[in-house]
Every structure is written in structure tokens, then in C-alpha cells.
């Protein structure tokens, strides 16, 4: 028996399970760029999608597409065009199981996307301010697995 395919939002308020994945893609359309706050939208077809904790809020991004997202933390979760529903690859607990195999909507592709892999990594000294800052980070992100109980840690500044 294979491991369950699960995922969810960053804060843990919305979790899902999927029976089967298919057709992982990268969408370059401007709506996916905006919805993901990134250079493209990585999506995978999700058969047998069920919500195991909470449910996404829905935004109609066009006359044909509804997008699901966490109403608490804003994580993009679903893309629904009326056919097979898709989930955000990054929302999967193990995104490595959905390596994209195709790119779509070439006309909106940002020209620099093809050269990102060649960008240098910023080198810094071992005891740099960046290292010191990173050592102070305490993640409030939900772990990459199902939990029986999870209280989202939102609005920590209040």
C-alpha cells in the first residue's frame, strides 16, 4: 500500500488528501503569477481530492477559473477550471512526487525564468548577519505531515 498523498496550507488550518496525482505542470499565465505571487504556478491534477481539515476560500479569478486558498494564511491550494481539479505542487507535503513534466501558457512566460538556474548564490561569511538572523527564526509553519490537532499560529504580533 502506498503512502497517502497529503498536503495543506502553511498555517495548518486547511489540509487535504488526494487519491492520485497526474499531469504536473508549470503555468506561466499572468493569473497564476499573481495567484502564487511568483514567476509561475506549479500545479498537478488531483483525483479524489478531499478536505481533511477546514476548507479553502474560493476566488473566481476569471469567468472560467476558481482558485482555492487558505483564508487564514493565504496559501494557494487549488485551481478549478471545471474539469479535473488541480492542487498547488508546493502545498503537497512532499512536492518531489510531482515533478513538472510540461509548461503551459508560453505567451505570458517571463523572459528571465529560463536563466534563473544560472544565477549565483550569494556568498557570505560563516558568521554573517544573515546567519545570525537565520539562527533566530522559529518556524510557526505546519509540519509536512498530517497531525491530529493543530492550532494555527496566526497574528503573533497582537
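What is the spin-label model distance, in nm, from residue 134 to residue 3 if the labels are put 7 Å beyond Cα along the C-beta direction?
2.4
Springs between alpha-carbon pairs under 10 angstrom, Gaussian network model over the chain: which of 128, 25, 62 fluctuates most?
128
Could you grab the relative contact order for the chain? Cα pairs under 8 Å, six or more apart, rounded to a whole percent.
Normalised by residue count, the contact order of the chain is 28 percent.
Using only helices, what value at 222 nm comes out for the chain when you add -39,500 (n - 2.57) per DSSP H run of length 4 or more and divide by the total residues, to the nearest 500 deg cm²/dmol?
-2000 deg cm²/dmol
Using the 10 angstrom Cβ neighbour count as an exposure proxy, how do 140, 40 rank, fewest first?
140, 40
What does the C-alpha gyration tensor say about the overall shape of the chain? Classify as rounded when a/c is under 1.5, otherwise prolate if a/b is larger than b/c, or oblate. List each step's numbers first, then the result.
Numbers: a/c = 1.64, a/b = 1.12, b/c = 1.46.
Oblate is the answer for the chain, as a/c is 1.5 or above yet b/c matches or exceeds a/b.
Which order, highest average first, do 13-21, 99-107, 111-119 follow once you tally other Cβ atoms within 10 Å for each residue and take the mean per peptide? Provide the component values of the computation, followed by the final result.
Numbers: 13-21: 19.7, 99-107: 11.9, 111-119: 8.2.
Descending packing order for the listed peptides: 13-21, 99-107, 111-119.
Say each of residue 52 and residue 66 gets a label point 7 Å from the Cα, pointing the same way as Cα to Cβ; how far apart are those two points in nm?
In this crude spin-label approximation the distance works out to 2.3 nm.
Quick note: the coordinates plus some simple rules give every number you see, no bench work behind them. Just so it is clear, the structure is predicted and the values come from calculations on it, not from any experiment. Note: ideal-geometry Cβ built from the backbone for every residue, glycine included; neighbour counts use all protein chains shown.
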